1. Mind checking which residues of the range A:33-44 are within 12 Å of chain B (Cβ to nearest Cβ) and not basic (K, R)?
2. Could you list, in sequence order, the residues of the range B:43-61 that are surrounded by fewer than 20 Cβ atoms within 10 Å (Cβ to Cβ) and without any contact (Cβ under 8 Å) to a residue 40 or more places away in the chain?
3. Starting from the range B:86-110, keep only residues that are within 19 Å of B:F48 (Cα to Cα), then list their pairs with residues that are of a type outside the set (V, I, T) and surrounded by fewer than 16 Cβ atoms within 10 Å (Cβ to Cβ) whose Cβ atoms are within a distance under 6 Å, requiring at least 6 positions of separation or different chains.
4. Contact list please: Cβ distance under 6 Å, first residue in the range B:130-147 and of a type in the set (K, R), second residue surrounded by 13 or more Cβ atoms within 10 Å (Cβ to Cβ), pairs at least six apart or on different chains.
5. Between B:K171, B:K194, B:K157, which is farther than 25 Å from B:F85 by Cα and out of contact with any Gly (no Cβ under 7 Å at 6 or more places or on another chain)?
6. Of everything in the range B:155-172, what is closer than 14 Å to B:Y189 by Cα and not aromatic (F, W, Y)? Give them in sequence order.
7. Would you check if B:K80 is more than 10 Å from chain A (Cβ to nearest Cβ) and not in a helix (DSSP H, G or I)?
8. What are the residues in the range B:173-209 that are more than 10 Å from every other protein chain (Cβ to nearest Cβ) and surrounded by fewer than 22 Cβ atoms within 10 Å (Cβ to Cβ), if any?
Amino acid sequence: MKKHADQHLNDDQIIRSVIDEAELPRHIKNHLDRCPECREEKIRLERDLTALGDAASRFVPRPRRVVVLPERKEKSLGWLAGHHSWALASGVCAVLVVFFLGWNLFIRLPQGRLAGVEEEMQKDGQFMVEINDLVENPLPQVYRAISGEGYAEVDEDLMDFVVPEAGEEPGDSSPV
Amino acid sequence: MREMTQKTSEAETTAGTGSQIGDVVQRAKEGDRAAFGSLVSLFHEDIFRMVYFRTRSEVDAEDLTQDIFIQAFKGVKRLKETDRFRSWLFSIAVNKVRDFYRKRRFLFFMGTPDEAGALQREGQEKGTDAEPLRNMEKKDFWNQIGGFLKKLSRLEKEVFLMRFLDQLTLKEIAEALGKGESTVKTHLYRALKKFKKEPGIQALIGGIQ
């Protein structure tokens, strides 16, 4: 330990002491505090750097131009100033785009296109009728014939004859 | 280093103490134009000098200083820590100078007349000094410094200039460059090693002392 403390600082340690003396290891710092030669070496390097900085400042002209700051924006915009104004502008643009698209599609639609729309509506109507038929009679015509559903009305008359409705007496027939 | 620290503190006294500057920055943040004007007065010379050290052109330094303060004026509202105003201002300046050189390199590559004009302008500026001896001395000084700085890496150069010419503290340099203090110290150490070994710069210092 004593040997360390007696050694003079090398170039690297002198540079490190100039950069940040507080970060030097304790034994180096102790030596630097006690050794006038090392202290002088450090001060010489600092003096050189200070002289360089001073000379550089001496060889710089003084600024001639005054800094001109830009005018602030009018406060009348209130909360719209800054980012809000961008959001508002974007919103307005979006509304305008939607409005013009709608106008072109529905108001200024050419007559040919209007007829096409009507035809489409008719087709849709027919399609709905077919769907309703299928809901009532899901089987195709051929299968309906096999199952007897095609003679539904006859069957109903027969069933009325075979099984009269409740409340009708067997001898109770209406006068002709 | 004691002299250097003393110099920094003197500059701070001239400009006002840290907390006073913080108050002014706070007012500037709230939209007080006059407060920002005071900040411009406080730091105008520092920033002009900083830009001149890097461009060595009076006209470019004037233009860039104006741009730096305009950007600071527009962005001061977003500054979170008012006591970091100085390092924040220097970070804007560092980026502006970098952009300036990037643009210049691009123009040089494209061979536009603007670049040629800029180079010519720089040459003419050096010859406008009224005192020929001082002008020679100045030219020689900047040539020597320029020769030494060319031997440093980009970050070594920036850290060296900020510490010993702009006289920023290690903390301010770290904040301005967005690096850690240990990184700053490492680059400063490398730059100083080269500085000690540079015979030209040693002779120059011997001449100016």
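1. The answer is A:E41, A:I43.
2. B:H44, B:E45, listed by residue number.
3. B:I92/B:Q71
4. What qualifies is B:K138/A:F59; B:K139/B:K126.
5. Residue meeting the stated conditions: B:K194.
6. If the condition is that a residue be closer than 14 Å to B:Y189 by Cα and not aromatic (F, W, Y), then B:L155, B:E156, B:K157, B:E158, B:V159, B:L161, B:M162, B:R163, B:L170 are the ones that fit.
7. The answer is yes for B:K80.
8. Passing the criteria: B:A174, B:E175, B:L177, B:G178, B:K179, B:G180, B:T183, B:K194, B:E198, B:P199, B:G200, B:A203.
The values are calculated or read from the model by the stated rules, or taken from the named source; none is laboratory data. For clarity, every value in this text was computed on a predicted model and none was experimentally measured. Please note: Cβ atoms are built from the backbone with ideal geometry, for glycine as well, and neighbour counts cover all protein chains shown.
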